[in-house]
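Reviewing the structure listed below.
The values are calculated or read from the model by the stated rules, or taken from the named source; none is laboratory data. Note that the structure is predicted; figures quoted are calculated from it, not measured. Positions of Cβ are backbone-derived with ideal geometry, glycine not excepted, and every protein chain shown enters the neighbour counts.
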Amino acid sequence: MKRFTRQTITVGLCTLCLAASAAMAQRALEEVVVTAQKVEQSAQQTPISLVAFQAEELETLGITNVGDIRAQVPNFVIDQFPSSNQTLRLFIRGIGITDVQITQDPAVGVYLDGVYLARSTGLAADVADLERVEVLRGPQGTLYGRNTTGGALNLVTERPNPEKIAFAQVIGTGKRDRLLLRSSLNLPLNARHAVKIAALGKREDGFVSNDGPGGNYGDIKSEGYRIDWRWLTTETLSLNYSWDKSRIESYNYTPQAVSPGIPAGTPVDAAIISSQRFVPYGERLFERLATNAPLLPTDTVIEGHALTLAWTAQSWTLKSISAYREMEDLSYIDFSSGASAEYRVDFSGISLGENSAAPLDYETVRTQLDQDQFSQELQLIADWRNFDLVAGLYYFSEEARENWFPMHHIFSFPLIETGDSARAVNIRAENNVIDNTAIAAYGHFGWSPRDAWKVTLGWRHSRDERKVNRLFQQDNFVDYGSNIIGPFESIDFKAAAAKNFSDNSFSFMIEHDLAEDTRLYGKLAEAYKSGGFNTRDPDPDYFSQGFDEEKNRTLELGLKAEWLQRALRLNAAIFYSDVKDMQLNFLLPNSISDTRVFNTGSAKLSGIELEAVSFLGQNMLLRVNYAYLHSEIEDVNDPFTGDPRSFGFDNAPRNSASVNLDYQFPRVSYGNWSANLNANFVDERNTSNTLLAIDAYSLLNGRLSLSGVALPVGELALSAWVKNALDEEYVNFTIGNLPHASRAVLWGEPRTWGFDLKYSF
C-alpha cells in the first residue's frame with residue numbers, strides 16, 4: 001500500500017507538469033485569499049504550510065463542520081473522543097491531545113471568525129454558512145498564542161453584503177434516513193447596512209443498530225443558526241456583530257470489542273475474563289450490538305456572541321474583537337460493547353442489595369459539562385512602504401464545571417469465574433470546577449529591505465493563571481444479591497489547586513522572491529501549551545501537583561510557486577520540530593479510566609508537505625496533496641517504575657495524501673454538468689502498544705452535479721454524491737484499557753450516499 005501510494009503521487013506530480021504545460025495558454029488558477037496572518041493576503045504570499053478550502057470546494061466535499069475535514073488534509077488527523085461523538089481530538093504533524101479534559105488544553109487552536117474556541121467538546125457541531133476553512137500546519141505561537149503547538153484551524157463564515165439581496169436553500173436526503181436543510185438570506189438595509197441570516201438542520205441515523213434498550217448508536221440530530229449584522233458607519237469605521245447557536249442530540253457509538261483481554265494471572269483478572277462470555281468479538285464491523293441499560297442521548301448546546309469594530313486609516317487599521325461563548329453538554333456512553341448486565345462499563349444506574357434490608361440505589365447519570373468564556377483582543381495592523389506590523393493585546397477568561405454527580409455505577413464484573421453469585425461493583429462521583437485567565441501581548445514586524453526580500457520578527461508574551469477545585473467520591477462493593485459487603489477502598493476528598501504559567505515565544509522568517517510567482521521562505525517558530533491539573537487522578541496529591549507546560553520549536557523551509565503562466569501551482573515545505581517537556585498521559589495501574597499526565601520525554605518530528613494544482617486541459621482541474629512524517633518520542637521513563645519505556649504518537653501516519661479531480665463538462669442549453677472525484681489515503685498509525693496500531697486505509701468519494709438551471713427567478717442546482725464509495729472498513733480510533741478487551745475500536749463511516757437540491761437567487 002505504501003509503495004503504491006508513493007508511486008501514485010510521483011506519477012501524479014509528473015502528470016501535473018506535463019498537463020499544465022499543455023494547458024498554460026488556456027486557463028490560469030484562481031487566487032486563494034486567506035487570513036492566516038491576521039490580514040487578507042494571497043495564500044501564495046503567506047509563509048505557512050497551509051491548506052485552504054473555499055466555499056465552492058466546501059460544498060463539493062460536503063464540509064459543514066470540523067469533523068468533515070477528516071482525511072482531506074495530509075498531516076491533519078481528526079478522531080472522535082471515545083466517550084463523545086461531539087468531542088474531537090485534533091492532531092497536526094502528530095501533535096495533539098489524547099485525553100480530553102477541562103484541565104488539559106488542546107494542541108491545535110480552533111478559531112471561529114478570529115475567536116478562540118477553548119474546548120474540544122462540540123467541535124463536531126455544524127457551522128451555518130461557512131465560507132472558508134484554513135488549516136495552518138506547525139506552531140503558530142506568536143500570532144495565535146498558547147495551545148497552538150501543533151497548528152491552528154481557522155473557520156471563516158460569510159459576512160453580510162450591503163450591495164445585493166441573495167438567498168440560497170439546500171435540501172438534501174440520502175442513506176440512513178438522512179435529511180439536510182440549509183438556508184441563508186442576505187438583506188441589504190441600505191447602502192451601509194446589511195444583515196445575513198443562516199440556518200442549518202441535519203438528521204441522520206447511525207450505522208450500528210442497538211438491539212437493546214434506548215436509542216440507536218450514532219443517531220444524530222443537529223441544528224445551527226447564525227445572524228450577522230454589518231454596519232459601515234463611515235468610510236473609515238465598520239461594525240460587525242454576530243450571534244450563533246448550535247444544538248446537537250446524538251447517541252454515542254460504543255467501542256466494538258475486537259480481541260479479548262489478557263489476564264495477568266490474578267483472581268480479579270480471571271474474573272474479568274470470565275465476564276467476557278457476555279461480549280461479542282469480531283474483526284469486522286458489527287451492524288448490530290446491544291446495550292443492557294438504556295442508551296441515552298448526548299445533548300450539546302453552544303451559543304456565541306462576537307462584536308468586531310474596525311477603524312481604518314490610510315495605512316493602518318485598529319481592530320477590536322470582543323466575544324462571549326457558552327457551552328452545555330450532557331454526555332452518556334456505554335463502553336460495554338454489547339455485554340450483559342453482569343458486566344458493563346457505562347454510566348447507568350444500578351441497584352445494590354435489592355433484597356437487603358437497606359438497598360442502595362444509584363441514578364442514571366450523564367456527565368454534565370458547563371463552560372463559558374470571554375475574550376477581548378485589540379489589534380493594530382499597519383503597512384508603511386517597506387514595513388508592516390501586526391500587534392495586539394489579548395485577554396481571555398474561562399469558567400467550566402464537569403459534574404459526575406450523584407454517585408453512579410462505573411463498572412462491575414463477576415468475582416467467581418464459574419458463576420455469577422457475587423459481583424465487584426465500582427461506584428463513583430466527581431465534580432471539577434476550573435477558573436482560567438490568560439493575557440498576552442504580541443507583535444509581528446515585517447521589513448522589506450529590497451523588493452525581492454522580506455524579514456519578519458515575531459514575539460509573544462503569555463501569562464496563564466489556572467485554578468481548580470475537585471470533589472471526588474468512590475466506593476467499591478461486593479454484591480451478593482441478597483447482601484452487600486463494603487464499601488472497600490472508599491475514597492472521599494476535596495482539593496483545590498492553583499498554578500501560574502508564563503512564556504515568551506518568538507518567530508523569525510525570511511522570504512525571497514526568486515521570480516514574480518516563485519517565493520522561498522524559511523522560518524523558526526515557537527509555541528507553547530499551558531500546563532494544567534490531573535482531573536482523571538483519584539489521588540489528591542497528584543491532582544494538585546498537576547503538570548507543566550510543553551514547548552514546540554520548529555524549523556521550516558518552504559517553496560510557493562505558480563509556473564507556466566499560473567497554469568501550475570506547486571507548494572512544498574520541509575520541517576523539523578523539537579518538542580520539550582511533553583505532556584504524556586499514562587494509565588494508572590489497575591485502572592480502566594484513571595490517567596495521570598507527566599512532563600516526560602521529548603519528541604523529534606520531521607517531514608515534508610507537498611501541494612500541486614493544475615488544469616488538465618481546458619475543463620479538468622487536478623489537486624494533489626501529500627505529506628511524509630517521521631516522529632520519535634525520546635527519553636521516556638515509566639513514572640511508576642522508573643524504567644525506560646517506549647512511547648509512540650497515536651496519530652502520526654508516516655504517509656498521507658489526498659487527490660481531488662474536478663471536471664466541467666461542455667455546457668448544455670439547460671445548465672452546467674460537473675463531476676468531482678476525491679481520494680484520500682492515511683497510512684498505518686503505530687504506537688508503542690502494537691495491539692492499538694491502526695491499519696492504513698484509502699477512501700474514494702464522488703459527486704455529480706448539474707448547476708445553473710435557469711428559472712424565472714433564480715436558478716437550481718442538483719447533486720448526487722457518495723462517500724466511501726468502495727465501502728472500505730477502516731478504524732478511526734483504538735482503545736486498550738477496557739477490562740473485557742485488549743483491543744476495542746471505533747469504526748469509520750461505511751458507504752453512504754445522498755442527493756442535494758439547491759435553489760438560489
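Return yes or no: is GLN314 of a type outside the set (Val, Ile, Thr), modelled with pLDDT under 90 and either more than 19 Å from ALA741 (Cβ to Cβ) or in a strand (DSSP E or B) (or both)?
The answer is yes for GLN314.
Which one of ALA717, ALA744 is farther than 30 Å from LEU605 by Cβ, surrounded by 18 or more Cβ atoms within 10 Å (Cβ to Cβ), among the small types (Gly, Ala, Ser) and touching a strand residue (DSSP E or B) at 6+ places or on another chain (Cβ under 6 Å)?
ALA717
Please work out which residue is farthest from THR142 (Cα to Cα), limiting yourself to segment 27-46 and to residues that are among the β-branched types (Val, Ile, Thr) and part of a loop (DSSP other than H, G, I, E, B).
Looking at the filtered set, the residue picked out is VAL32.
Report yes if ASP177 is over 28 Å from the mean Cα position of the chain (by Cα) and more than 25 Å from HIS305 (Cβ to Cβ), otherwise no.
no
Please tell me if ALA657 is of a type in the set (A, V, I, L, M, F, W, C) and either in contact (Cβ under 8 Å) with a residue 24 or more places away in the chain or surrounded by fewer than 17 Cβ atoms within 10 Å (Cβ to Cβ) (or both).
yes
Is it the case that segment 266-279 has a residue that's surrounded by fewer than 20 Cβ atoms within 10 Å (Cβ to Cβ), modelled with pLDDT under 90, part of a loop (DSSP other than H, G, I, E, B) and of a type in the set (Val, Ile, Thr)?
Within segment 266-279, one or more residues are surrounded by fewer than 20 Cβ atoms within 10 Å (Cβ to Cβ), modelled with pLDDT under 90, part of a loop (DSSP other than H, G, I, E, B) and of a type in the set (Val, Ile, Thr).
The conditions are (1) within 23 Å of LYS758 (Cβ to Cβ); (2) crowded, with 21+ Cβ neighbours inside 10 Å; (3) aromatic (Phe, Trp, Tyr), and TYR251 fails exactly one of them. Which is it?
(1)
What single numbered condition from (1) crowded, with 17+ Cβ neighbours inside 10 Å; (2) in contact with a Gly (Cβ under 8 Å, 6 or more places away or on another chain) fails to hold for HIS630?
(1)
Can TYR116 be described as closer than 21 Å to LYS523 by Cβ and not in a loop (DSSP other than H, G, I, E, B)?
In short, no.
Can you report the number of residues in segment 482-498 which are of a type in the set (D, E, K, R) and either surrounded by 12 or more Cβ atoms within 10 Å (Cβ to Cβ) or at positive phi (or both)?
Here the count works out to 1.
For segment 499-508: of the residues being more than 30 Å from SER593 (Cβ to Cβ) and not aromatic (Phe, Trp, Tyr), which is surrounded by the fewest Cβ atoms within 10 Å (Cβ to Cβ)?
Here the answer is ASN504.
Scan segment 560-584 for residues that are in contact with a Leu (Cβ under 6 Å, 6 or more places away or on another chain) and either of a type in the set (A, V, I, L, M) or in a strand (DSSP E or B) (or both) and jot them down.
If the condition is that a residue be in contact with a Leu (Cβ under 6 Å, 6 or more places away or on another chain) and either of a type in the set (A, V, I, L, M) or in a strand (DSSP E or B) (or both), then ALA561, ARG569, ALA572, ILE574, TYR576, SER577 are the ones that fit.
Can you pull out every residue in segment 370-387 that is in a strand (DSSP E or B) and without any contact (Cβ under 8 Å) to a residue 60 or more places away in the chain?
ASP370, ASP372, PHE374, GLN376
From the residues in segment 486-540 that are β-branched (Val, Ile, Thr) and not in a loop (DSSP other than H, G, I, E, B), which one is farthest from HIS444 (Cα to Cα)?
Taking the candidates together, the pick is ILE491.
Restricting attention to segment 398-407, does a residue exist that is assigned to a strand (DSSP E or B), touching a residue at least 12 places away in the same chain (Cβ under 8 Å) and either in contact with a helix residue (DSSP H, G or I) (Cβ under 7 Å, 6 or more places away or on another chain) or under 24 Å from ALA527 (Cβ atoms) (or both)?
Yes; the residues of segment 398-407 include at least one that is assigned to a strand (DSSP E or B), touching a residue at least 12 places away in the same chain (Cβ under 8 Å) and either in contact with a helix residue (DSSP H, G or I) (Cβ under 7 Å, 6 or more places away or on another chain) or under 24 Å from ALA527 (Cβ atoms) (or both).
What strands (runs of 3 or more DSSP E) completely inside segment 721-761 contain at least 1 residues that are modelled with pLDDT under 95?
Because the criterion is at least 1 residues that are modelled with pLDDT under 95, the strands (runs of 3 or more DSSP E) in segment 721-761 that meet it are 731-735, 741-747.
Would you check if GLY109 is farther than 27 Å from ARG703 by Cβ, crowded, with 24+ Cβ neighbours inside 10 Å, in contact with a Leu (Cβ under 8 Å, 6 or more places away or on another chain) and not aliphatic (A, V, I, L, M)?
Yes.
Would you be able to say whether some residue in segment 61-75 is within 29 Å of ILE171 (Cα to Cα) and at pLDDT 90 or above?
Within segment 61-75, one or more residues are within 29 Å of ILE171 (Cα to Cα) and at pLDDT 90 or above.
Can you find, within segment 509-550, the residue that is nearest to the chain's Cα centre (by Cα) among those that are surrounded by fewer than 20 Cβ atoms within 10 Å (Cβ to Cβ) and charged (D, E, K, R)?
ASP548
So how many residues does segment 388-409 have that are hydrophobic (A, V, I, L, M, F, W, C) and at pLDDT below 95?
Number satisfying all stated conditions: 3.
Rundown of residues vs (1) under 17 Å from PHE76 (Cα atoms); (2) of a type in the set (Lys, Arg); (3) in contact with a strand residue (DSSP E or B) (Cβ under 8 Å, 6 or more places away or on another chain), yes/no style:
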site	(1), (2), (3)
ARG596	no, yes, yes
ALA612	no, no, yes
LEU616	no, no, yes
GLY642	no, no, no
ARG654	yes, yes, yes
LEU661	no, no, yes
TYR670	no, no, yes
ASN686	yes, no, no
LEU699	yes, no, yes
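What is the one condition in (1) modelled with pLDDT under 95; (2) over 30 Å from ALA429 (Cα atoms) that LEU559 does not satisfy?
Here LEU559 meets the rest and fails (1).
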